[in-house]
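Chemist: Please see the structure below; I have some questions.
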Amino acid sequence: MAACGPAAPAKEPAPPSADPTSAAPRAPAAPAIDTALGGRLFDKFYGKEPPFSAFVPDSSKTQGVLDGQGGPSGNGTLRLGSGEAMSNDAGHDYRLKSFFGWDLKGREGIYGPSAMAKGYAVSRNLLGGRETREELVLLFTKGDHEIPAYGDVLTPPQIEAMAAYVIGVRDGALPHPDQIFTIKPPAQGYYALLPGGDAARGKAYIEERCSSCHGDDGTEVLFDDGAYSLGAHARQKAYEDWHKILNGQPGSPMGRQVRGSTGKEMAQEILDILAALCDRAAFPPGKATAKDVEDGDGRCGPYLK
Ligand code: HEC
């Protein structure tokens with residue numbers, strides 16, 4: 001087991017407070033809404049620990065049996081905008097990421113019919129519209145004909161944070177998925193990373209920011225019941241990992257991993273990190289059980305090593 005400590009003990013590490021970029025003067029602060037928390041709630045709003053809801057979704061494995069916990073009916077279901085109970089038989093687990101996809105675009109995006117064709121992807125594209133923050137707060141609070149009313153399980157500030165996250169991605173204060181990947185047909189793996197990533201810079205970010213938890217080669221923590229190492233996951237699911245790097249992993253100590261002050265800067269950091277993770281020797285599958293990508297796989301494209 002590698003120690004959970006600095007990745008490069010040979011170098012003299014600067015004390016964290018000496019980072020000159022963190023002391024740079026900033027424009028007047030925007031209202032203190034935690035968009036990373038908003039992104040994590042968008043990903044998965046329930047979990048064991050606060051601030052996540054104690055809700056446990058009705059299991060999609062037991063079709064027709066309402067066996068969850070919490071929510072307005074106490075059985076792990078939520079209600080549509082009409083007030084009608086919404087079933088989880090389709091397996092969306094009531095997560096906004098299920099309805100809108102990791103790229104927030106609904107049926108026009110990675111979960112839509114031209115890519116993964118998830119049956120629960122909705123018609124609204126959160127990045128295509130011009131909803132005001134108030135309109136999004138109302139939508140997430142009350143639900144509509146396709147998405148549930150989160151007002152029954154989340155607090156107003158939590159819903160505000162989800163709306164602020166969406167608007168940040170849509171309007172450029174946060175990275176936009178179109179700066180990171182493009183959608184491809186199913187036979188080509190659903191997506192491809194965009195050009196312009198700098199794998200060497202990404203590797204330095206990983207040493208500095210990820211290794212203490214994920215291990216130097218990203219095999220210390222395996223995801224999805226041991227199926228993927230950090231590298232193997234990123235080579236096959238970067239359309240999801242951009243969101244995790246931006247916002248963190250719900251229910252884990254991992255928070256936002258980017259440090260830029262504009263959406264463009266943050267998108268570049270994410271693309272650099274994802275490009276670096278396309279190196280199979282530097283970030284191997286380790287003991288992970290799922291197959292890694294083959295030579296020539298288009299998702300990493302020219303970054304694949
Ligand atoms: C403070 C510790 C910590 C740091 C720092 C950290 N992570 Fe994580 N990360 C975790 C933990 C714990 C998980 C959760 C694993 C799980 O859910 O099984 C996780 C999950 C992830 C996932 C989600 C995989 C999935 O299941 O979908 C990705 C992707 C990821 N990390 C990438 C990174 C990258 C890239 C960095 C650095 C830029 C980083 N992490 C930094 C601890 C950390």
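Chemist: From Cα pairs below 8 angstrom and at least 6 apart in sequence, can you work out the relative contact order of the range 35-171, rounded to a whole percent? Don't skip to the answer; put the middle values down first.
Modeler: Details: 260 pairs, mean separation 34.5, N = 137.
Computed value for the range 35-171: 25 percent relative contact order.
Chemist: Percent of accessible area on the range 35-171 owned by carbon and sulfur, 1.4 Å probe?
Modeler: After summing per-atom areas, the C and S share lands at 51 percent.
Chemist: Continuing with the same structure: Charges only on Cβ, +1 for Lys and Arg, -1 for Asp and Glu: so what's the dipole of the chain about the Cα centre, in debye to the nearest 20?
Modeler: Values: 32 positive and 39 negative charges, 48 e Å.
That gives a dipole near 240 debye.
Chemist: Hey, another quick one. Check Tyr191: other-chain or 5+ apart residues with amide H under 5 Å from its amide H, H built from backbone geometry?
Modeler: Lys184
Chemist: Mind telling me which of Phe45, Phe223, Phe55 comes out most flexible in a GNM of the chain, alpha-carbon contacts under 10 Å?
Modeler: Of Phe45, Phe223, Phe55, the most mobile in the Gaussian network model is Phe223.
Chemist: Something else now. Work out the charge dipole of the chain with +1 on the Cβ of Lys and Arg and -1 on the Cβ of Asp and Glu about the Cα centre, then indicate which of Val221, Gln249, Thr141 is farthest towards its positive end.
Modeler: Of the listed residues, the answer is Thr141.
Chemist: Next up: So what are the ³J(HN,Hα) numbers for the range 211-218, from phi and the Karplus equation (6.51, -1.76, 1.60; θ = phi - 60°), rounded to whole Hz, Gly and Pro as x?
Modeler: Coupling constants for the range 211-218: 4, 4, 9, 8, x, 4, 10, x Hz.
Chemist: Might you report the magnitude of the Cβ-based charge dipole of the range 27-136 about its Cα centre, with Lys and Arg at +1 and Asp and Glu at -1, to the nearest 20 debye?
Modeler: Working: 13 positive and 13 negative charges, 44 e Å.
That gives a dipole near 220 debye.
Chemist: How about the range 105-205: which GluC sites (Glu not before Pro) there lie in a loop by DSSP and see at most 10 other Cβ atoms within 10 Å?
Modeler: Values: sites: Glu108, Glu131, Glu134, Glu135, Glu146, Glu160; in loops: Glu131, Glu146.
Taking the range 105-205 and a limit of 10 other Cβ atoms within 10 Å, no loop GluC sites (Glu not before Pro) are found.
Chemist: Using the Cα centre of the range 59-98 as the reference point, and only Cβ charges (+1 on K/R, -1 on D/E), how large is the resulting charge dipole? Debye, rounded to the nearest 20.
Modeler: Details: 4 positive and 4 negative charges, 30 e Å.
Using only the charged Cβ atoms, the result is roughly 140 debye.
Chemist: Find the eigenvalues of the gyration tensor of the Cα atoms of the range 35-171, then list the square roots of 5 times those eigenvalues as equivalent ellipsoid semi-axes, largest first, in whole angstrom.
Modeler: Values: eigenvalues 95, 65, 34 Å².
Sorted largest first and rounded, they come to 22, 18, 13 Å.
Chemist: When all C-alpha to C-alpha distances in the chain are sorted into bins of 10 Å, what percent of pairs does each bin hold, rounded to whole numbers?
Modeler: Bin by bin from 0 Å, the calculated values are 6, 26, 34, 24, 9, 1, 0.
Chemist: Can I ask one more? In deg cm²/dmol and to the nearest 500, what is the mean residue ellipticity at 222 nm of the chain if only DSSP H runs of at least 4 residues count, each as -39500 (n - 2.57), divided by the residue total? It would help to have the intermediate numbers written out before the result.
Modeler: Numbers: 9 runs with 86 residues, N = 305.
Mean residue ellipticity, 222 nm, calculated: -8000 deg cm²/dmol.
Chemist: Continuing with the same structure: Contour minus end-to-end for Ala282 and Ser114, with contour as 0.36 nm per residue of separation and end-to-end as the Cα-Cα distance?
Modeler: Values: separation 168, 0.36 × 168 = 60.48 nm, distance 3.30 nm.
Stretched fully, the Ala282-Ser114 segment lengthens by 57.2 nm.
Chemist: Here is a follow-up. When the accessible area of the range 181-303 is computed with all protein chains present and a 1.4 Å probe, what percentage of it is carbon and sulfur?
Modeler: Values: 2740 of 5380 Å².
That fraction is 51 percent.
Chemist: I want to check the label-to-label distance for Ser87 and Val65. Put each point 7 Å from Cα in the C-beta direction and report it in nm to one decimal.
Modeler: It is 1.6 nm.
Chemist: A further question follows. Can you give me the C-alpha center-to-center distance between the range 195-219 and the range 221-252, rounded to a whole angstrom?
Modeler: 13 Å
Chemist: Return the long-range amide H neighbours of Leu78 (sequence gap of 5 or more, or a different chain), with a cut-off of under 5 Å between placed amide H atoms.
Modeler: Correct list: Met86.
Chemist: Heavy-atom accessible area per residue, the chain, 1.4 Å probe: how many Å²? Please report the intermediate quantities before stating the final value.
Modeler: On the way: 14770 Å² over 305 residues.
Here the residues of the chain average 48 Å² of exposed surface.
Chemist: How far apart, in nanometres, would the label points at Thr289 and Glu265 be if each is projected 7 angstrom from Cα along the Cα-to-Cβ direction?
Modeler: 4.3 nm
Chemist: Using Cα-Cα distances under 8 Å and only pairs 6 or more residues apart, what relative contact order does the chain have, in percent?
Modeler: Working: 568 pairs, mean separation 54.4, N = 305.
Relative contact order for the chain comes out at 18 percent.
Chemist: Given a cut-off of under 8 Å on Cα pairs at least six residues apart, what relative contact order in percent is computed for the range 171-305? Write down the numbers at each step before the final one.
Modeler: Working: 240 pairs, mean separation 48.8, N = 135.
That works out to 36 percent.
Chemist: If one computes P(r) from the Cα atoms of the range 160-212, what percent of pairs lie at distances over 19 Å?
Modeler: Working: 757 of 1378 pairs.
Value for the range 160-212: 55 percent of Cα pairs lie more than 19 Å apart.
Chemist: Moving on. Please work out the ratio of the alpha-carbon Rg of the range 181-303 to 2.2 N^0.38 Å and round it to two decimals.
Modeler: On the way: Rg = 13.4 Å, N = 123, 2.2 N^0.38 = 13.7 Å.
Cα Rg divided by the expected 2.2 N^0.38 Å: 0.98.
Chemist: Taking amide hydrogens as modeled 1.01 Å from N in the peptide plane, which residues meet the under 5 Å criterion relative to Ser53, leaving out close sequence neighbours?
Modeler: Tyr46, Gly47
Chemist: So what's the angle, to the nearest 10 degrees on a 0 to 90 scale, between helix 133-142 and the longest Cα principal axis of the chain?
Modeler: Taking Cα atoms only, the helix is inclined about 60 degrees.
Chemist: How many percent of all Cα-Cα pairs in the range 115-238 sit more than 22 Å apart? Present the calculation step by step, with values, prior to reporting the outcome.
Modeler: Working: 4288 of 7626 pairs.
Here the tail beyond 22 Å accounts for 56 percent of pairs.
The values are calculated or read from the model by the stated rules, or taken from the named source; none is laboratory data. It should be emphasised that the depicted structure is a prediction, and the values quoted were computed from it without experimental measurement. We place every Cβ from the backbone using ideal geometry, glycine too, and count neighbours over all the protein chains shown. Each accessible area value is taken on the protein alone, full model and side chains, heavy atoms only, with ligands, DNA and RNA left out. Shrake-Rupley method; radii C 1.70, N 1.55, O 1.52, S 1.80 Å.
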